[in-house]
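Encoded as structure tokens, the structure appears first; notes follow it.
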Amino acid sequence: MPSQFFGLTIASSGLSAYQAALNTTANNISNEQTKGYSRQAANLSASDALRVNAKYGSMGSGVTVNSIKQIRSEYYDTKYWQNQASLGLYETKLSYLEQIENYFIDDDTEKGFSTILNKMFNSLDTLKNNAGDVNVRQQFISDAQSFTTYFNSVATGLGEIQDSVNEEIKSTVENINAIGKKISLLNKQINVIEVQGGYANELRDQRALLIDELSSIVPTEVSEVPVTNSKHSDMQTGANYYTVKINGQKFVDTYEYSELTCVARKNTINQSDREGMYEIVWADTGNSFKAGSDSSSGSLKALFDIRDGNNSENFRGAITGVTAGTIRISNPSITNVNAMTMPAEGVLTIDGKNYNYTDFTFTTDADGNVKEYTFTLENQLSSDQQAKLDGKQASIGESIDAMGIPYYLAQMNEFLRNFAISFNEIMNGDNAQDLNGKQTNYFSFFTGTHTKTGEEYHFNKAAGTYQAKTSNSYYQLTCGNVCVSNIAVKDPTTIATTEKITNGADAYDLVEKMLLLKSDTEMYRGGGADDFLQCMISDISVDTQKATIFQKNYSNISNAIDKQRMSVSGVDKDEEAIDLVKFQNAYNLSSKMVSVLAEIYDKLINETGV
């Protein structure tokens, strides 16, 4: 049977419960602007009833605060994290695509390719009327140098972007590792608190905020499973197994996490790549992380697309001959010298295994078409390896369906090679003569410099077999090393304007052929030289527009999901004000109950009895 003072116990439980509810409301209000904070609620339930020796059987014993827990929707969290990966992908892509686009601007504010090309051909047109004037020749050479310098500067700029992206990949990996470490530490702190019967609301908020950040970098999956008693599977201990997967691979396993690390490539994948590009591997196993795979997403995927994107135009082909030291490849994906993108020294990938090569040769016909490639291997192959490789497919680099730095550099290289071949063939024709009546086939007007020696190439387009490292094939010409021959720069009289100098110094029959290269000669994608910029602008505009549209769409989706998520877990001032009044009134009533009972007990004790 309860005591006469049982009513005070019940009223006291109300005071305690609604004091806790008021304190929770105060905490919510004070954290209204705290990033990542989830609204908390005091969960109340009726206390266990007491059995009494009376016909009504039992009596309520007041109210109990079971817990103070954050209010959060797992469904909206998951939706938000899934969308963040796509948003991070297009936000990062858009940022770098806009930087790349700046290098192809040609308007009143920035003089670009078209302006420089027109100026060079205008000087060439002036040369037609004054072929014997050394000053006019010098002006044309100067404008031709501006033309090559433009490509040099764009190549340098794009290379710097590639370096910047590469460094951002490294810093992003460091950030991922830092997030993984923080999550594993938070998991331990949360379990310590919750095993003792508490609920780590603030720590859980911190962990969710880290997942928000991680999900925009890489696709992220989260799983939380209660730890049960080993002897009684239906009895929970209060702790949880908390795992995080990134790119489908386990990253955090409760108190442990796997680190990622960046390893610099020993060889470049594309001819114009910068040195020291990073690959990401798991530090414990050395296995590749594959952040740039087609199935991936997030800002890290965007960085790989920008740095390595080749529009799926990497080198591929069938192995048709293997010796101990060479691999011969026929039916290649790249069948023209001017479109070659692979480095002179690199890595062949066959059935997922890498084979280093130190050089390669290629055989061409008179039109520059490549029949086959033969790669010289760094390490000798055994007879068993030779038998296994024959007939397999080989590739250099991965096929990445994105227009990144390698793609734009490859397109510029291809255009320059086509243009240089056409121009040099006119100036180096069998009967071409300089102002002194000497044949000009001993140098290439548009040439390139050797990256190590600084010597200029004298290019050869004839059919035959060429070696990648040492030959004078147009493969050696890139937008990074293109220049006007030093022979012409030093002596303008060495350039040819006619095949019949006997007709006079002002003869210009070759100049007329050169002028046709601007618009009337198929140079690049079926158009003339003046169509090059339009092709490049078209490519990057399509990519930029796509990134802009998707970034906007995923941003809108993110905002919509976040509003729904905040409608559940966010602090609303109006709701908290209502709760404040509600809990205050309940507290006041409990307090009033204490006053009423105090008067009753005073009457009972002091005013009754014998």
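Which number in (1) modelled with pLDDT under 90; (2) of a type outside the set (Val, Ile, Thr); (3) within 30 Å of residue 589 (Cβ to Cβ); (4) crowded, with 17+ Cβ neighbours inside 10 Å marks the one condition that residue 70 misses?
Every listed condition holds for residue 70 apart from (1).
Would you please name the residue that is surrounded by the most Cβ atoms within 10 Å (Cβ to Cβ), looking only at residues in region 493-509 that are in a helix (DSSP H, G or I) and modelled with pLDDT under 90?
The extreme case among them is 501.
For every residue, the table says whether it meets (1) under 30 Å from residue 124 (Cα atoms); (2) of a type in the set (S, T, N, Q).
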{"site": "138", "(1), (2)": "yes, yes"}
{"site": "143", "(1), (2)": "yes, no"}
{"site": "147", "(1), (2)": "yes, no"}
{"site": "172", "(1), (2)": "no, yes"}
{"site": "180", "(1), (2)": "no, no"}
{"site": "183", "(1), (2)": "no, no"}
{"site": "193", "(1), (2)": "no, no"}
{"site": "208", "(1), (2)": "no, no"}
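The rows are residues; the columns are (1) more than 19 Å from residue 213 (Cα to Cα); (2) loosely packed, with under 15 Cβ neighbours inside 10 Å; (3) touching a strand residue (DSSP E or B) at 6+ places or on another chain (Cβ under 6 Å); (4) not aliphatic (A, V, I, L, M).
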residue: 82; (1), (2), (3), (4): no, no, no, yes
residue: 96; (1), (2), (3), (4): yes, no, no, yes
residue: 101; (1), (2), (3), (4): yes, no, no, yes
residue: 105; (1), (2), (3), (4): yes, yes, no, no
residue: 120; (1), (2), (3), (4): yes, no, no, no
residue: 126; (1), (2), (3), (4): yes, no, no, yes
residue: 130; (1), (2), (3), (4): yes, no, no, yes
residue: 135; (1), (2), (3), (4): yes, yes, no, yes
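Only one residue in 477, 517 is under 29 Å from residue 361 (Cα atoms) and among the hydrophobic types (A, V, I, L, M, F, W, C). Which one?
477
Are any of the residues in region 566-575 assigned to a loop (DSSP other than H, G, I, E, B), of a type outside the set (Gly, Ala, Ser) and either in contact with an Asp or Glu (Cβ under 9 Å, 6 or more places away or on another chain) or over 30 Å from residue 87 (Cα atoms) (or both)?
Filtering region 566-575 down to residues assigned to a loop (DSSP other than H, G, I, E, B) leaves 570-572.
Filter once more, so that each one left must be of a type outside the set (Gly, Ala, Ser): 571-572.
Still in the running and either in contact with an Asp or Glu (Cβ under 9 Å, 6 or more places away or on another chain) or over 30 Å from residue 87 (Cα atoms) (or both): 571-572.
Among the residues of region 566-575, at least one is assigned to a loop (DSSP other than H, G, I, E, B), of a type outside the set (Gly, Ala, Ser) and either in contact with an Asp or Glu (Cβ under 9 Å, 6 or more places away or on another chain) or over 30 Å from residue 87 (Cα atoms) (or both), which makes the answer yes.
Say whether the condition of being farther than 16 Å from residue 472 by Cα, of a type outside the set (A, V, I, L, M, F, W, C), surrounded by 20 or more Cβ atoms within 10 Å (Cβ to Cβ) and in contact with a strand residue (DSSP E or B) (Cβ under 6 Å, 6 or more places away or on another chain) is met by at least one residue in region 354-362.
Yes, some residue in region 354-362 is farther than 16 Å from residue 472 by Cα, of a type outside the set (A, V, I, L, M, F, W, C), surrounded by 20 or more Cβ atoms within 10 Å (Cβ to Cβ) and in contact with a strand residue (DSSP E or B) (Cβ under 6 Å, 6 or more places away or on another chain).
Select from region 257-281 the residues that are exposed (fewer than 12 other Cβ atoms within 10 Å of the Cβ) and either over 27 Å from residue 164 (Cα atoms) or of a type in the set (A, V, I, L, M) (or both) and list them in ascending order.
Listed by number, the list holds a single entry, 264.
Looking only at region 84-115, count every residue that is assigned to a helix (DSSP H, G or I) and farther than 23 Å from residue 308 by Cα and tell me the total.
Number satisfying all stated conditions: 3.
Suppose the filter is in a strand (DSSP E or B), surrounded by 14 or more Cβ atoms within 10 Å (Cβ to Cβ) and either of a type in the set (Gly, Ala, Ser) or within 29 Å of the chain's Cα centre (by Cα) (or both); does residue 252 pass it?
Answer is yes for this residue.
Can you tell me which residue among 168, 160 is surrounded by fewer than 14 Cβ atoms within 10 Å (Cβ to Cβ) and either assigned to a helix (DSSP H, G or I) or in contact with a helix residue (DSSP H, G or I) (Cβ under 9 Å, 6 or more places away or on another chain) (or both)?
Selected residue: 160, the only one of 168, 160 that is surrounded by fewer than 14 Cβ atoms within 10 Å (Cβ to Cβ) and either assigned to a helix (DSSP H, G or I) or in contact with a helix residue (DSSP H, G or I) (Cβ under 9 Å, 6 or more places away or on another chain) (or both).
In region 228-244, how many residues are of a type in the set (S, T, N, Q) and either in contact with a His (Cβ under 7 Å, 6 or more places away or on another chain) or in a loop (DSSP other than H, G, I, E, B) (or both)?
Summing the residues that are of a type in the set (S, T, N, Q) and either in contact with a His (Cβ under 7 Å, 6 or more places away or on another chain) or in a loop (DSSP other than H, G, I, E, B) (or both) in region 228-244 gives 3.
Check every one of the strands (runs of 3 or more DSSP E) wholly within region 350-451 and list those with 1 or more residues that are in contact (Cβ under 8 Å) with a residue 24 or more places away in the chain, among the hydroxyl-bearing types (Ser, Thr, Tyr) and more than 17 Å from residue 496 (Cα to Cα).
Working: elements: 353-364, 370-377, 393-396, 446-448.
Because the criterion is at least 1 residues that are in contact (Cβ under 8 Å) with a residue 24 or more places away in the chain, among the hydroxyl-bearing types (Ser, Thr, Tyr) and more than 17 Å from residue 496 (Cα to Cα), the strands (runs of 3 or more DSSP E) in region 350-451 that meet it are 353-364, 370-377, 393-396.
Give 190, 176, 217 a once-over and let me know the one that is under 21 Å from residue 38 (Cα atoms), among the aliphatic types (A, V, I, L, M) and crowded, with 21+ Cβ neighbours inside 10 Å.
Every option except 190 fails the conditions.
For region 455-465, which positions are assigned to a strand (DSSP E or B) and within 25 Å of residue 488 (Cβ to Cβ)?
Narrowing region 455-465 to residues assigned to a strand (DSSP E or B): 456, 464-465.
Selection gives 456 alone.
So residue 514 fits all but one of (1) within 24 Å of residue 338 (Cβ to Cβ); (2) assigned to a loop (DSSP other than H, G, I, E, B); what number is the exception?
(2)
Among residues belonging to region 534-567 that are touching a residue at least 24 places away in the same chain (Cβ under 8 Å) and small (Gly, Ala, Ser), point out the one that is surrounded by the fewest Cβ atoms within 10 Å (Cβ to Cβ).
Going through region 534-567, the residues touching a residue at least 24 places away in the same chain (Cβ under 8 Å) turn out to be 535-537, 539-541, 543-544, 547-548, 550-551, 554-555, 557-558, 561-562, 564-565.
Now narrow it down to the ones that are small (Gly, Ala, Ser): 541, 547, 555, 558.
Working: 541: 13, 547: 21, 555: 15, 558: 18.
Filtering region 534-567 for residues that are touching a residue at least 24 places away in the same chain (Cβ under 8 Å) and small (Gly, Ala, Ser), the one surrounded by the fewest Cβ atoms within 10 Å (Cβ to Cβ) comes out as 541.
Does residue 284 satisfy the condition of being more than 24 Å from residue 170 (Cα to Cα), surrounded by fewer than 21 Cβ atoms within 10 Å (Cβ to Cβ) and modelled with pLDDT under 95?
For residue 284, the condition - more than 24 Å from residue 170 (Cα to Cα), surrounded by fewer than 21 Cβ atoms within 10 Å (Cβ to Cβ) and modelled with pLDDT under 95 - is not met.
Just a yes or no: is a residue in region 45-58 at pLDDT below 90, among the β-branched types (Val, Ile, Thr) and in contact with a Pro (Cβ under 8 Å, 6 or more places away or on another chain)?
yes
I'd like the full set of residues that are of a type in the set (D, E, K, R), within 23 Å of residue 259 (Cα to Cα) and either in a helix (DSSP H, G or I) or at pLDDT 90 or above (or both), limited to region 287-316.
Those that are of a type in the set (D, E, K, R), within 23 Å of residue 259 (Cα to Cα) and either in a helix (DSSP H, G or I) or at pLDDT 90 or above (or both): 301, 305, 307.
Looking at this structure, is residue 531 among the acidic types (Asp, Glu), within 30 Å of residue 139 (Cα to Cα) and free of Cβ contacts under 8 Å to residues at least 24 places away in the same chain?
Taking the combined requirement at face value, the residue satisfies it.
The values are calculated or read from the model by the stated rules, or taken from the named source; none is laboratory data. This structure is a prediction, so every number in the text was calculated from the model and none was measured. Note: ideal-geometry Cβ built from the backbone for every residue, glycine included; neighbour counts use all protein chains shown.
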